[in-house]
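This report refers to the structure that appears directly beneath it.
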Amino acid sequence: MSRWLRGLLALGLVAMSTSAFAADAPVRGDVRRGWDAFISKACVRCHAIWGHGGEIGPDLGRTRAGGLTDAELAAAMWNHIPRMWDKKQEEGIPHVAISETEMADLFAYLSFVRALDEPGDPKTGQVLLKEKKCSTCHTVTDEGHGVAPDLRKWAKYRNPAVWAQVMFEHAGKMVEEMKARGITPPTLESADLVHIVSYVRSLSASSDSELLDPGDPVLGEKLFHERKCIQCHSIRGQGGNVGPDLGRRGWVTSFTDVTVKAWNRVGGMRNAMAQRKVEPPKLTPQEMAHIVSFLFASSYADPPGSAERGARLLKDKSCLQCHGAGIGPSLEDFRGRAGPVTVTQALWMHGPTMLERMRDLGIRWPSFTGEEMRDLAAALNEAQPQKGPGPDAPKK
Ligand code: HEC
Ligand code: HEC
Ligand code: HEC
Ligand code: HEC
């Protein structure tokens with residue numbers, strides 16, 4: 001299994017730096033280290049990724065297909081403490097310490113999984129290549145008709161963003177060619193392209209693979225300005241309004257989905273460029289990887305929470321019955337550094353003890369939504385939720 005999953009990592013290598021937009025920005029997660037932590041911290045004993053791994057908890061490649069923000073992930077981890085803890089004891093799985101950096105790595109790894117697609121099915125891809133008429137022009141075998149380039153040369157690229165770049169670059173000519181042949185440009189679903197790519201890959205004899213550097217959302221943002229995408233597109237309200245806002249919540253579900261969405265609307269985009277005499281931007285695959293990872297991160301960025309609502313939550317969720325009341329430690333330490341990663345890490349370390357105390361006192365484990373998690377982090381960041389440690393507050 002481990003070999004399979006290493007292959008999985010090589011698949012995309014578009015590291016998402018989840019923390020680029022999170023409150024706890026100084027801790028930047030690393031996808032590869034996150035995968036190591038997923039194994040060494042025993043997550044894999046209970047959780048699978050796309051069917052590979054344990055079956056005690058949900059498959060983390062398949063739950064919530066629409067994607068989660070960091071705060072929503074933190075809330076899901078918070079809510080799962082009681083069941084996870086009971087299962088751990090039942091199965092005799094040790095509770096391993098996780099540091100802040102390791103938790104940031106785990107967050108980066110899980111958002112990377114969210115950004116990829118489940119591996120496609122080559123057989124479905126073969127059917128789609130015909131159905132979507134790609135094979136009327138493109139060759140994928142040695143006895144092709146050769147109107148358009150052989151797609152097999154792209155098989156070596158493991159990063160789905162490459163397909164965004166090549167299709168983007170050639171869309172103009174491709175659409176003309178289709179019109180000349182009376183073919184309506186086909187609309188794609190993102191799953192279609194996932195299957196097509198996996199079929200093309202299965203045909204490639206060479207096991208060469210070209211791994212792009214991890215896409216970096218910070219560089220992607222820079223390119224988004226430099227290459228003038230911003231003239232026509234805004235990111236959550238900031239920028240042009242000729243094309244759609246590319247920061248809107250959840251408009252893409254994966255990297256491949258960015259490619260497909262751009263492909264489906266490329267005709268309109270080309271027209272807008274022609275009208276404004278904007279040259280279609282030339283991008284290298286690497287640059288596209290940065291832009292795609294920026295767009296993905298923007299559409300899953302958490303809006304800021306409300307410290308005021310968070311302070312109310314601390315009260316309503318019975319936190320203050322213990323914190324500041326001599327049973328739980330002071331939460332002062334979190335001031336200026338509370339975010340999904342830091343809160344989840346503290347919870348991982350202290351949750352089990354906290355759970356026992358709650359059970360002793362007959363308090364139900366409070367559950368959180370993503371929005372409440374944002375508010376909680378905002379309150380911990382700003383305010384002083386209570387006076388300080390009580391006399392018998394446990395030491396960390
Ligand atoms: C002993 C088994 C076990 C271990 C170890 C474990 N989990 Fe879980 N996890 C579960 C169970 C069971 C659930 C479902 C909980 C529920 O339904 O309340 C869950 C749920 C989750 C969820 C929420 C999924 C969703 O879609 O709602 C996330 C995220 C998660 N776990 C992440 C992790 C990570 C990361 C690790 C390692 C640091 C980990 N888990 C370790 C058993 C485990
Ligand atoms: C009517 C013919 C035609 C159809 C149908 C067609 N293409 Fe193309 N495609 C072309 C041509 C011509 C080019 C080269 C354009 C250029 O040189 O700018 C191209 C280029 C490409 C490229 C870049 C290839 C390279 O090596 O540079 C990709 C990827 C691609 N097409 C994918 C697809 C997919 C996926 C489909 C089906 C959804 C499809 N094409 C349907 C004619 C077509
Ligand atoms: C001259 C204006 C213009 C520029 C510059 C431009 N776009 Fe667009 N873009 C559009 C328009 C208009 C649409 C919508 C077309 C339609 O609806 O048919 C669009 C659609 C898109 C979509 C699909 C969005 C969706 O919601 O489905 C993506 C993705 C996209 N553009 C990415 C980019 C990127 C990346 C750049 C920079 C490299 C860029 N665009 C530059 C005008 C532009
Ligand atoms: C029944 C008492 C009790 C309740 C209710 C309670 N906690 Fe705790 N909490 C504790 C204890 C005890 C610890 C320390 C556990 C340990 O030492 O491992 C703790 C630890 C923590 C920590 C880690 C502190 C650190 O310094 O790393 C955080 C964060 C936390 N709690 C948040 C909350 C929030 C938010 C709520 C309300 C939703 C809450 N707690 C409700 C008893 C409680």
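Just one of the listed residues (331, 347, 313) is modelled with pLDDT of 95 or more, open to solvent by less than 40 Å² (accessible area, probe 1.4 Å) and either within 16 Å of ligand 1 (Cβ to nearest atom) or in contact with a Leu (Cβ under 9 Å, 6 or more places away or on another chain) (or both), namely 313. Within region 49-67, track down each residue that is aliphatic (A, V, I, L, M) and surrounded by 19 or more Cβ atoms within 10 Å (Cβ to Cβ). Of everything in region 49-67, those that are aliphatic (A, V, I, L, M) and surrounded by 19 or more Cβ atoms within 10 Å (Cβ to Cβ) turn out to be 49, 60. Which ones in region 281-295 are within 11 Å of ligand 3 (Cβ to nearest atom) and closer than 12 Å to residue 218 by Cα? 287, 290, 291, 292, 294, 295, listed by residue number. The set of residues from region 256-271 being farther than 15 Å from residue 175 by Cα and more than 12 Å from ligand 2 (Cβ to nearest atom) comprises 257, 258, 261. Mind listing whichever residues of region 79-125 are in contact (Cβ under 8 Å) with a residue 24 or more places away in the chain, within 16 Å of residue 350 (Cα to Cα) and outside any helix (DSSP H, G or I)? 94, 95, 96, 97, 98, 99, listed by residue number.
Please go through region 113-141 and give me each residue that is open to solvent by less than 40 Å² (accessible area, probe 1.4 Å) and either at positive phi or small (Gly, Ala, Ser) (or both), ordered by number. Within region 113-141, 115, 120, 125, 135 meet the criteria. Considering only residues in region 235-291 that are closer than 19 Å to residue 197 by Cβ and among the aromatic types (Phe, Trp, Tyr), the one that is most open to solvent (accessible area, probe 1.4 Å) turns out to be 263. When only residues in region 7-31 that are more than 24 Å from residue 71 (Cβ to Cβ) and in contact with a Leu (Cβ under 7 Å, 6 or more places away or on another chain) count, which is modelled with the lowest pLDDT? Within region 7-31, the match that is modelled with the lowest pLDDT is 13. Determine if region 100-112 includes at least one residue that is open to solvent by 60 Å² or more (accessible area, probe 1.4 Å) and within 14 Å of the chain's Cα centre (by Cα). Checking region 100-112: not a single residue is open to solvent by 60 Å² or more (accessible area, probe 1.4 Å) and within 14 Å of the chain's Cα centre (by Cα).
The values are calculated or read from the model by the stated rules, or taken from the named source; none is laboratory data. Remember, it's a predicted structure, so these values are computed and weren't measured experimentally. Note that each Cβ is placed from the backbone with ideal geometry, even for glycine, and that neighbours are counted across all protein chains shown. Note: accessible area is taken over every heavy atom of the protein model, side chains too, but ligands, DNA and RNA are not part of it. Shrake-Rupley method; radii C 1.70, N 1.55, O 1.52, S 1.80 Å.
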